[in-house]
1. Quick check on the chain: helices-only [θ] at 222 nm, where DSSP H runs of length 4 and up contribute -39,500 (n - 2.57) each and the sum goes over total residues. Nearest 500, please.
2. Lys/Arg Cβ at +1, Asp/Glu Cβ at -1, dipole of the chain taken about the Cα centre: which of 72, 129, 86 is farthest positive-ward?
3. For the stretch 45-52, what does the Karplus curve 6.51 cos²θ - 1.76 cosθ + 1.60, with θ = phi - 60°, yield as ³J(HN,Hα) per residue in whole Hz, taken in order and with x for Gly and Pro?
4. Given the C-alpha centroids of the stretch 72-125 and the stretch 7-46, what is the distance between them in whole angstrom?
5. Given a 1.4 Å probe and every protein chain left where it sits, what share in percent of the accessible area of the stretch 6-131 is carbon and sulfur?
6. Hey, rough spin-label estimate for residue 88 and residue 136, points 7 angstrom out along Cα→Cβ, what's it come to in nanometres?
7. Please compute the length gained on full extension between residue 56 and residue 25, using 0.36 nm multiplied by the number of residues separating them and subtracting their Cα-Cα distance.
8. How many times 2.2 N^0.38 Å is the alpha carbon radius of gyration of the chain?
Amino acid sequence: MEKATPDQLVTDDDLVQTARDAMDNAYAPYSKFRVGAALVTRGGHIFTGANVENASYGLTICAERVAVFKSVSEGRQDIARIAIVSSSGEHTYPCGACRQVLNEFGKEIRVVVADGSGDVVNVPLSELLPHSFGRESLE
Ligand code: THU
């Protein structure tokens, strides 16, 4: 059996709870749609994000991309899994732009979404973004 990687010690429920905590920091005065994200790297490092809106609406950034950019800019590209929750109480899947940004760091990243009742769905990014355009497309 292969040795467990540190990320495997973090359960989906743990990561969802961390995303819920991150959602408290959402800045969403326009949409009122608050989103929290938490990712874990294969090395076991955790980074969080919340959506940050702007009066110039197009400058808004999603929670998922905040988390990815924090991780990568801190030198951690080995993203294993990302959990996402929103104030809607429904399962909230990442938008197309965030799927593309996640894809840069691995088609096999697991995407974990939870609704308000704690029902958790875990899918590979490749299922959410099939036939993707990525680094290999440029080779
Ligand atoms: N939003 C996210 O943060 N992540 C998503 O996956 C979907 C949308 C944010 C952007 C905006 O602040 C609000 O939700 C409504 O679109």
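1. Helices in the chain give a 222 nm mean residue ellipticity of -7000 deg cm²/dmol.
2. Toward the positive end, the furthest listed residue is 72.
3. With the stated coefficients, the stretch 45-52 comes to 7, 10, 10, 10, x, 9, 6, 10 Hz.
4. If you average the Cα positions of each part, the centres end up 9 Å apart.
5. 51
6. 3.1
7. My answer for the length gained is 9.2 nm.
8. So the chain has a normalised radius of gyration of 1.01.
The values are calculated or read from the model by the stated rules, or taken from the named source; none is laboratory data. Being a predicted model, the structure only gives us computed values, none of them experimental. All Cβ positions, glycine included, derive from the backbone under ideal geometry; neighbour counts span all protein chains shown. Calculation scope for accessible area: heavy atoms of the full protein, side chains included, ligands and nucleic acids excluded. Shrake-Rupley method; radii C 1.70, N 1.55, O 1.52, S 1.80 Å.
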